[in-house]
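Student: Pasting a structure below so you can have a look.
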Amino acid sequence: MLDALSDITGSVSYELVCINHANESLRGILQSGQLRYGNLPLRPLGEFRISQPPPESFLQAPHEDALPASFTLSDEIVPDPIVGEALRDEGIDLLFSLHATTAGPDSLLPFIAPIHDLQHRIQPEFPEVSAGGIAEAREATFRRICRYATLVLVDSDAGRNDVLRYYGDLIDGDRIRVLPYFPPARRVPSPGPKDIARVRSRYSLPERFFFYPAQFWKHKNHRLIVEALALLEKTKGEQLHVVFAGTYTERERARNFLETMALAENLGVLARVHYLGFVPDRDIPALYTLSAGLVMPTFFGPTNMPPLEAWSFGRPVIITGLPSIRAQLGDGALYIDPREPASLAQAMLALWHNDALAEKLVANGAQRLALYSYEDFANVVRTILDEGVDRVRRNRNPAYPVTWAQACTERGE
């Protein structure tokens with residue numbers, strides 16, 4: 001997104017600025033190479049890293065997204081004087097948030113915000129979208145976004161339909177825009193022999209493996225992969241390997257990580273489950289390239305980015321056959337039932353031994369990738385911003401119940 005905004009800055013009639021909370025580091029996104037101070041480009045020194053203490057240390061910690069004590073569960077807006085004044089001091093007229101946040105409504109400013117998924121409504125059985133007040137916080141946040149946003153962004157037509165299904169009383173299609181995901185990895189060249197050798201040595205990778213880059217949320221369904229490995233050895237005598245990359249730096253993820261590894265040990269496949277922890281961006285292309293393919297038995301959609309990354313580096317995809325994912329990937333993937341280890345085992349075995357099938361899936365994926373380029377993505381971002389700015393200039397925003405001046409008066413300021 002920063003790349004796209006940087007590339008369109010010179011061609012728009014309004015000023016674009018990047019803002020963030022003082023306690024939030026931009027270190028993780030500086031690798032885009034697009035951030036500047038005046039004419040001076042900002043560059044990171046070394047790799048961005050996330051250190052992980054033992055997973056047991058997180059088991060007593062509160063959920064990272066637990067409901068703050070000050071959060072209101074109603075549609076009522078509680079103006080935030082600190083953020084609101086800071087944004088006004090900077091002359092901000094329209095916020096473009098990269099995640100679902102109430103910063104816009106709590107500042108009584110026009111805003112554009114995404115809704116990535118509504119899984120707390122669709123699959124509330126997963127603790128990462130329901131436990132510890134998370135479902136209530138998500139519900140209150142999404143309701144305020146839908147009620148007051150200048151525009152709401154979704155990843156797909158399926159995402160648009162979900163928003164209308166659950167919040168159609170607050171928003172209609174006139175304020176919803178589709179912005180499909182475009183993974184930064186697609187703009188990275190294929191790794192050369194030296195990079196491939198470096199990554200294989202750095203992580204002591206097996207000769208062949210399936211790759212799954214995903215944090216250890218329960219809905220990511222690492223468990224099914226472990227069960228499929230055990231089933232393949234038991235029924236076919238096949239000893240396949242899998243490489244996991246992702247973090248567990250939070251209570252629910254740490255618990256799921258420990259349970260997954262315990263299952264692998266109990267089923268006798270722990271030696272063939274390779275966990276890399278957090279992996280820097282520069283190593284991702286080689287990990288895809290070295291793999292036999294992406295395996296992604298996730299329960300969540302509507303759409304996902306890893307399949308697009310796998311296609312970008314010429315690797316086939318195995319993924320859950322949700323209708324929205326099938327619409328995204330078409331004939332470029334093998335689809336499985338995320339509740340059936342045999343379904344995943346069959347797909348993994350097929351790709352492990354059938355190079356022609358893998359090549360066909362990759363070719364089909366490449367054709368679909370060609371339908372949506374970075375230039376297309378940047379143009380859609382530009383179109384969305386242009387429309388948002390136009391709506392602000394024409395005062396075509398949902399009305400707040402009070403003005404900022406009235407809110408300040410009520411606070412006695």
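Student: Carbon and sulfur together cover what percent of the accessible area of segment 108-234 at a 1.4 Å probe radius?
Tutor: Reported share for carbon and sulfur atoms: 50 percent.
Student: While we're here: Ignoring everything but the protein chains, give the 1.4 Å probe accessible area of Ile50 in square angstrom, nearest 10.
Tutor: Approximately 70 Å² of Ile50 is accessible to the 1.4 Å probe.
Student: If the cut-off is a Cα-Cα distance under 19 Å, which aspartates and glutamates reach Lys360, setting aside same-chain residues fewer than 8 apart in sequence?
Tutor: Partners found: Glu309, Asp331.
Student: Pairs of alpha-carbon atoms within less than 8 angstrom and 6+ residues apart define the contacts here; what relative contact order does segment 114-216 have, in percent?
Tutor: Computed value for segment 114-216: 22 percent relative contact order.
Student: Considering the options Leu179, Leu276, His116, tell which one lies farthest towards the positive end of the dipole of the chain, charges being +1 on Lys and Arg and -1 on Asp and Glu at the Cβ, about the Cα centre.
Tutor: Going by the Cα projections, it comes out as Leu276.
Student: Once both labels are modelled 7 Å past Cα along the beta-carbon direction, what's the Val17-Ile50 spacing in nm?
Tutor: 3.0 nm
Student: While we're looking at this one, here's another question. Name the aspartates and glutamates eligible as straight-distance cross-link partners of Lys194: C-alpha to C-alpha under 16 Å, and not fewer than 8 places from it in the same chain.
Tutor: The qualifying aspartates and glutamates are Asp283.
Student: Counting Lys +1, Arg +1, Asp -1, Glu -1, what net charge surrounds Asp157 among other residues with beta carbon under 13 Å of its beta carbon?
Tutor: That sum, taken over residues with Cβ under 13 Å, equals +2.
Student: Let me ask another. Counting only heavy atoms of protein chains, what accessible area per residue, in Å², does the chain have with a probe of 1.4 Å?
Tutor: Per residue, the chain has 48 Å² of solvent-accessible surface.
Student: Among Ile176, Ile77, Ile145, which one shows the biggest mean-square fluctuation in a GNM of the chain, springs joining Cα atoms closer than 10 Å?
Tutor: Per the Cα network of the chain with a 10 Å cutoff, Ile77 tops the list.
Student: Sticking with this one: Rank these residues by their accessible area, most exposed first, probe 1.4 Å: Cys18, Cys408.
Tutor: So, going from the largest accessible area down, we get Cys18, Cys408.
Student: At 20 Å minimum axial length over the Cα atoms and a Kyte-Doolittle cut of -1.0, report the qualifying DSSP H helices in the chain, or say none.
Tutor: Correct list, ordered by number: 134-148, 222-236, 251-266, 355-369, 374-393.
Student: Charges only on Cβ, +1 for Lys and Arg, -1 for Asp and Glu: so what's the dipole of the chain about the Cα centre, in debye to the nearest 20?
Tutor: Charge dipole of the chain: 1000 debye, to the nearest 20.
The values are calculated or read from the model by the stated rules, or taken from the named source; none is laboratory data. For clarity, every value in this text was computed on a predicted model and none was experimentally measured. Using ideal geometry, Cβ is built from the backbone for each residue, glycine included, and neighbour counts are taken over all protein chains shown. Just the protein is used for accessible areas: all its heavy atoms, side chains included, with ligands, DNA and RNA removed. Shrake-Rupley method; radii C 1.70, N 1.55, O 1.52, S 1.80 Å.
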